[in-house]
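Asker: One structure, as structure tokens, below. Some questions next.
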Amino acid sequence: MSHVRGLYVSYDRNYNYLGVRGFSRPTDYNNRILLLINGHSNNENVYGSAAIGTEFALDLDAVERIEIVRGPGAALYGTSAMFAVVNVITKEGRAIDGLKFSAQTGSYGRLQGSAAFGKEFASGLDIAVSSRWTDIAGQDLYYKEYDDPSTNNGIAKGLDWDKHYGLLTTIAYEDLTLQGYMSSREKAYPTGAWQVNFNDPATKTLDVHSFVELKYDRQAGPDKRIMLRGYFDHFVYEGSYGYDLLWNDSSDGDWLGGELQFLWDLRANNRLTVGAEYQDHLRADYISWDAETTYFDDDFPFGVLSFYLQDEHQATENLSLTFGVRRDEYSTVGSATIPRGAVVYKPTKSGTLKLFYGEAFRAPNIYEVNYESSVLGSKSNPDLEPEMITTTEIVWEQRLNRTVFGLVSLYNYDMKDLVDQVLDPSDDLFQFRNANRIKARGVEFGLDIRMEGERGGYVNYAFQHTEGDVSGGKLTNSPSHIAKVGLFHPLVGPLYATTELLYETERRTVYDTTTDAYLLANLRLSTLSHPHLGTPLAQLFRRVQVSLQINNLFDVAYETPGGFEHLQHGISPGREELCPQTGLRALGTCPSIRFGGEAEPLFLTSIARRATEEGCWTSERAQRRERRQWLGRSPEWDTRTGS
């Protein structure tokens, strides 16, 4: 996702972090972004984290599209949907249509295999199964902060390994859909974070997330629709930290829930949506211990009851109005009522003006509210209030011609009661408090080009200015300027090239220093079947796809800020970045081979990132995704070719 307009990433050699519109708090585990898989929330219930790195081990060859909606989404989704909602939509069995598998190798001992099977049977039963397995040996890393003979001269040797796997199954028949997901990742942590013994192989983390969901979605007459779903989620985190005495911590979360949604077209130009959801968090615990002492061991189950309403009114042929409100009632802390509204005006056939107002919240998580340890210098805070954000935005979208689409967006947001950990001078204990306020404004520009002959490109730019009350100045980990350029073009026969450039200005670190600005280049060579190529070689590449990807082509040295747990002001990702074809982290050089089905132009994860409601490069079915186009706002990133 690093190439999507206005988004940027950080990597601390353990977790990836996504920044949106100038906001990305170091070590917040993406708990102000909502991650969905086919509409099912993938944020866990202890820290509220959203997994965007290798701990999200979904086979993205089986992904149909990834929708990114910027701005507040809490009026529809509840907590954590403050800056963006990311919805990963996987392929149906009929889209996979058979068996596909791939093998990949890359720099630093990367080995990866994936497989997907899908089929729609004559009875209407649709089955899709996909899986992925990856083993990365990693690289030896040097950190000047530890350059001393007592700490192996700053070299973390063999401590960057990563092992992960995932499985997703979807079974659909008529109005019923059953889906199940499981992901597991174990990762070494080489940076010496949390003052562990540097170069200690005992330091590592494990993340596991799984869920099962059954959904009933039925058209109840010509003007009504009902959706009912039930689900169960399970989350596990385990950490081992190499001190003189091995220290461990873990979290387990189990929750189940149900949602009822009713859509009613009151008139031809007016649709009402009402819904209710309940979540019972049966288990949400945190434990920390070593061989001699248990520092914390407690469980904090809780419940959440939610009601929401949305009214969409097509006032005239070119003017639509939308209003929504949601109430979330927590049995503990974090209850909130959230409104949101939009005006969409189309003064010309090729231009659209959109005005948005929205609020969102994040309920304090279990760890922030309840963690305490006099030995480790922390105390709980049962009086924490939810974080709140108010956003206003104006967007102009313009189709310049049949192949070129552009947009300009101006936004402003005000975030209150930001939760930070501060030192209480009365007892010298750290405590999470509503201690900060963030204000931001920015402008985003995007231009997408799609020409005949499988040629295309994009140019986008974002200016973002964020300030915090506590710091009295620019927010940490927030580049002011981000510019991105991408181009896809044929070379010879079935061989195509994707080139990308990414430029970012400096970011402020938590130590009040700055990282350097940088310019990165990525190159991908891939085969793609072409209808006008009838040679035997071209026919082969209809079933087999071969690709070679090089990230950070010129081996630029750069860093992104880490959190206070690191001695390093900035941490270098080396030649590891978010992989454009998957959105996940890939190593510097990635050759891969895929077998089965028609070869797909994966470059479109970089190219087709524009509003689907404009009807460019997307199917008619995609344009009818009314419920996902909340408040008239369409997803900004579509991975499909469209037609």
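The values are calculated or read from the model by the stated rules, or taken from the named source; none is laboratory data. Given the structure is predicted, the values throughout are model-derived calculations rather than measurements. Don't worry about glycine lacking a Cβ; one is built from the backbone with ideal geometry, like all the others, and counts go over all protein chains shown. These accessible areas exclude ligands, DNA and RNA; they are computed on the full protein's heavy atoms, side chains included. Shrake-Rupley method; radii C 1.70, N 1.55, O 1.52, S 1.80 Å.
Asker: Of all residues being touching a residue at least 60 places away in the same chain (Cβ under 8 Å) and open to solvent by less than 30 Å² (accessible area, probe 1.4 Å) in the range 87-106, which is farthest from Arg524 (Cα to Cα)? Just the residue, please. Lay out the reasoning, then the answer.
Answerer: Here is the first cut: in the range 87-106, the ones touching a residue at least 60 places away in the same chain (Cβ under 8 Å) are 87, 90, 92-93, 96-106.
Next, from what is left, pick out any that are open to solvent by less than 30 Å² (accessible area, probe 1.4 Å): 87, 90, 93, 96, 98, 102, 104, 106.
Working: Asn87: 25, Thr90: 23, Gly93: 28, Ile96: 24, Gly98: 27, Ser102: 17, Gln104: 14, Gly106: 13 Å.
Checking each candidate, the answer is Gly93.
Asker: While we're on this one: Which number in (1) surrounded by 14 or more Cβ atoms within 10 Å (Cβ to Cβ); (2) touching a residue at least 40 places away in the same chain (Cβ under 8 Å); (3) hydrophobic (A, V, I, L, M, F, W, C); (4) farther than 30 Å from Glu292 by Cβ marks the one condition that Val369 misses?
Answerer: All conditions are met except number (4).
Asker: If you check Leu159, Leu168, which single one turns out to be of a type in the set (A, V, I, L, M, F, W, C) and farther than 20 Å from Asp59 by Cα? Don't jump to the end; show me each part of the working.
Answerer: Values: Leu168 fails: farther than 20 Å from Asp59 by Cα.
On inspection, the qualifying residue turns out to be Leu159.
Asker: Scan the range 440-452 residue by residue and report those that are open to solvent by less than 60 Å² (accessible area, probe 1.4 Å) and hydrophobic (A, V, I, L, M, F, W, C). Please lay out each step first, then the result.
Answerer: Keep residues of the range 440-452 that are open to solvent by less than 60 Å² (accessible area, probe 1.4 Å), which gives 440, 442-444, 446-450.
Residues satisfying the conditions are Ala440, Val443, Leu447, Ile449.
Asker: Taking the range 251-260 only, how many residues are under 20 Å from Tyr47 (Cα atoms) and either buried (at least 17 other Cβ atoms within 10 Å of the Cβ) or among the charged types (D, E, K, R) (or both)? Break it down into steps so the answer makes sense when it comes.
Answerer: First, pick out the residues of the range 251-260 that are under 20 Å from Tyr47 (Cα atoms): 251-257.
If we keep only those that are either buried (at least 17 other Cβ atoms within 10 Å of the Cβ) or among the charged types (D, E, K, R) (or both) as well, we get 251-255, 257.
Total meeting the criteria: 6.
Asker: Does Ser150 satisfy the condition of being closer than 30 Å to Ala193 by Cα and either open to solvent by 70 Å² or more (accessible area, probe 1.4 Å) or at pLDDT below 95 (or both)?
Answerer: Numbers: closer than 30 Å to Ala193 by Cα: yes; either open to solvent by 70 Å² or more (accessible area, probe 1.4 Å) or at pLDDT below 95 (or both): yes.
Considered against the rule, which asks whether it is closer than 30 Å to Ala193 by Cα and either open to solvent by 70 Å² or more (accessible area, probe 1.4 Å) or at pLDDT below 95 (or both), Ser150 comes out as yes.
Asker: Among (1) more than 30 Å from Ser350 (Cβ to Cβ); (2) surrounded by 16 or more Cβ atoms within 10 Å (Cβ to Cβ); (3) touching a residue at least 60 places away in the same chain (Cβ under 8 Å), which single condition is Leu384 missing?
Answerer: (3)
Asker: Looking at the range 408-422, I want the residues that are among the aromatic types (Phe, Trp, Tyr) and have a partner that is outside any strand (DSSP E or B) and open to solvent by less than 30 Å² (accessible area, probe 1.4 Å) with Cβ atoms under 7 Å, at least 6 apart or on another chain. Which pairs are those?
Answerer: If the second residue must be outside any strand (DSSP E or B) and open to solvent by less than 30 Å² (accessible area, probe 1.4 Å), the pairs left are Tyr411/Arg21.
Quick grid of which residues meet (1) touching a Leu at 6+ places or on another chain (Cβ under 9 Å); (2) crowded, with 18+ Cβ neighbours inside 10 Å; (3) polar (S, T, N, Q):
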position	(1), (2), (3)
Thr203	yes, yes, yes
Phe211	no, yes, no
Gln219	no, no, yes
Asp223	yes, no, no
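Asker: Tally up the residues in the range 510-547 that are modelled with pLDDT under 90, touching a Lys or Arg at 6+ places or on another chain (Cβ under 9 Å) and under 30 Å from Ser572 (Cβ atoms), please.
Answerer: The total comes to 1.
Asker: Another one. Tell me yes or no: at least one residue of the range 333-341 is free of Cβ contacts under 8 Å to residues at least 40 places away in the same chain, more than 30 Å from Val236 (Cβ to Cβ) and surrounded by fewer than 18 Cβ atoms within 10 Å (Cβ to Cβ).
Answerer: Initially, the range 333-341 is screened for residues free of Cβ contacts under 8 Å to residues at least 40 places away in the same chain, giving 337.
Add one more test, that the residue is more than 30 Å from Val236 (Cβ to Cβ), and what stays is 337.
Among the residues that remain, those that are also surrounded by fewer than 18 Cβ atoms within 10 Å (Cβ to Cβ) are: 337.
Checking the range 333-341: at least one residue is free of Cβ contacts under 8 Å to residues at least 40 places away in the same chain, more than 30 Å from Val236 (Cβ to Cβ) and surrounded by fewer than 18 Cβ atoms within 10 Å (Cβ to Cβ).
Asker: From the list Gly192, Gly242, exactly one residue is touching an Asp or Glu at 6+ places or on another chain (Cβ under 7 Å), among the small types (Gly, Ala, Ser) and either surrounded by fewer than 18 Cβ atoms within 10 Å (Cβ to Cβ) or modelled with pLDDT of 95 or more (or both). Which is it?
Answerer: Working: Gly192 fails: touching an Asp or Glu at 6+ places or on another chain (Cβ under 7 Å).
Among Gly192, Gly242, only Gly242 is touching an Asp or Glu at 6+ places or on another chain (Cβ under 7 Å), among the small types (Gly, Ala, Ser) and either surrounded by fewer than 18 Cβ atoms within 10 Å (Cβ to Cβ) or modelled with pLDDT of 95 or more (or both).
Asker: Just wondering, is there one or more residues in the range 440-451 that are farther than 29 Å from Val369 by Cα, at pLDDT below 95 and not in a strand (DSSP E or B)?
Answerer: No; the residues of the range 440-451 include none that is farther than 29 Å from Val369 by Cα, at pLDDT below 95 and not in a strand (DSSP E or B).
Asker: Restricting attention to the range 350-362, which residues are open to solvent by 10 Å² or more (accessible area, probe 1.4 Å) and within 23 Å of the chain's Cα centre (by Cα)? Quick ask: steps written out before the conclusion?
Answerer: Pass one, the range 350-362, residues open to solvent by 10 Å² or more (accessible area, probe 1.4 Å): 350, 353, 355-357, 359.
Listed by number, the residues that qualify are Phe356, Tyr357, Glu359.
Asker: Is it true that some residue in the range 398-410 is open to solvent by less than 60 Å² (accessible area, probe 1.4 Å) and either out of contact with any strand residue (DSSP E or B) (no Cβ under 9 Å at 6 or more places or on another chain) or outside any strand (DSSP E or B) (or both)? Working first, answer last.
Answerer: Here is the first cut: in the range 398-410, the ones open to solvent by less than 60 Å² (accessible area, probe 1.4 Å) are 398, 403-407, 409.
Remaining after also requiring either out of contact with any strand residue (DSSP E or B) (no Cβ under 9 Å at 6 or more places or on another chain) or outside any strand (DSSP E or B) (or both): 403.
Within the range 398-410, one or more residues are open to solvent by less than 60 Å² (accessible area, probe 1.4 Å) and either out of contact with any strand residue (DSSP E or B) (no Cβ under 9 Å at 6 or more places or on another chain) or outside any strand (DSSP E or B) (or both).
Asker: Going by the conditions given, is Val63 farther than 24 Å from Arg327 by Cβ, β-branched (Val, Ile, Thr), out of contact with any helix residue (DSSP H, G or I) (no Cβ under 6 Å at 6 or more places or on another chain) and surrounded by fewer than 24 Cβ atoms within 10 Å (Cβ to Cβ)?
Answerer: Numbers: farther than 24 Å from Arg327 by Cβ: yes; β-branched (Val, Ile, Thr): yes; out of contact with any helix residue (DSSP H, G or I) (no Cβ under 6 Å at 6 or more places or on another chain): yes; surrounded by fewer than 24 Cβ atoms within 10 Å (Cβ to Cβ): yes.
In short, yes.
Asker: Next up: Which condition does Leu263 not pass, out of (1) of a type in the set (A, V, I, L, M, F, W, C); (2) open to solvent by 20 Å² or more (accessible area, probe 1.4 Å); (3) in contact (Cβ under 8 Å) with a residue 24 or more places away in the chain, if it passes all the others?
Answerer: Tallying (1) of a type in the set (A, V, I, L, M, F, W, C); (2) open to solvent by 20 Å² or more (accessible area, probe 1.4 Å); (3) in contact (Cβ under 8 Å) with a residue 24 or more places away in the chain, Leu263 fails exactly one: (2).
Asker: Tally the residues that are within 14 Å of Thr54 (Cβ to Cβ) and open to solvent by 30 Å² or more (accessible area, probe 1.4 Å), restricting the search to the range 112-138.
Answerer: Quick first cut of the range 112-138, residues within 14 Å of Thr54 (Cβ to Cβ) only: 112, 114, 132-138.
Now drop any that are not open to solvent by 30 Å² or more (accessible area, probe 1.4 Å), which leaves 133, 135, 137.
Qualifying residue count for the region: 3.
Asker: Just wondering, is there one or more residues in the range 98-112 that are more than 30 Å from Ala557 (Cα to Cα) and touching a Ser or Thr at 6+ places or on another chain (Cβ under 8 Å)?
Answerer: So the first thing to find is which residues in the range 98-112 are more than 30 Å from Ala557 (Cα to Cα), and the list is 98-102.
Pick out the ones that are also touching a Ser or Thr at 6+ places or on another chain (Cβ under 8 Å) and you get 101-102.
Yes, the range 98-112 has at least one match.
Asker: I need the full set of residues from the range 284-307 which are part of a strand (DSSP E or B), among the hydrophobic types (A, V, I, L, M, F, W, C), open to solvent by less than 60 Å² (accessible area, probe 1.4 Å) and within 14 Å of Trp255 (Cβ to Cβ), in order please.
Answerer: Of all residues in the range 284-307, those part of a strand (DSSP E or B) come to 284-290, 294-299, 302-307.
Next, only the ones that are among the hydrophobic types (A, V, I, L, M, F, W, C) stay: 284, 287, 289, 296, 302, 304-305, 307.
Then keep just the ones that are open to solvent by less than 60 Å² (accessible area, probe 1.4 Å); that gives 284, 287, 296, 302, 304.
Selection gives Ala284, Phe302, Val304.
Asker: Taking Asp297 as the residue in question, decide whether it is without any contact (Cβ under 8 Å) to a residue 24 or more places away in the chain and of a type in the set (D, E, K, R).
Answerer: On the way: without any contact (Cβ under 8 Å) to a residue 24 or more places away in the chain: yes; of a type in the set (D, E, K, R): yes.
Taking the combined requirement at face value, the residue satisfies it.
Asker: Moving on to the next point. Please list, ordered by first then second residue, the pairs with beta carbon atoms under 6 Å, 6 or more apart or interchain, first in the range 126-154 and over 16 Å from Asp200 (Cβ atoms), second in a strand (DSSP E or B) and hydroxyl-bearing (Ser, Thr, Tyr).
Answerer: Listed by first residue and then by second, the contacts come to Ala128/Thr170; Val129/Thr169; Arg132/Ser114; Trp133/Tyr165.
Asker: In the range 180-189, how many residues are of a type in the set (Ser, Thr, Tyr) and surrounded by fewer than 20 Cβ atoms within 10 Å (Cβ to Cβ)?
Answerer: 1
Listed here are the residues, each with its yes/no results for (1) modelled with pLDDT of 95 or more; (2) within 30 Å of Thr294 (Cβ to Cβ).
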site	(1), (2)
Asp328	yes, no
Lys349	no, no
Ser373	no, yes
Pro386	yes, no
Leu400	no, no
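Asker: Among the residues of the range 49-88, which ones are part of a strand (DSSP E or B) and among the small types (Gly, Ala, Ser)? Lay out the reasoning, then the answer.
Answerer: Kept after step one, since they are part of a strand (DSSP E or B), are these residues of the range 49-88: 63-70, 84-88.
The one that is part of a strand (DSSP E or B) and among the small types (Gly, Ala, Ser): Ala84.
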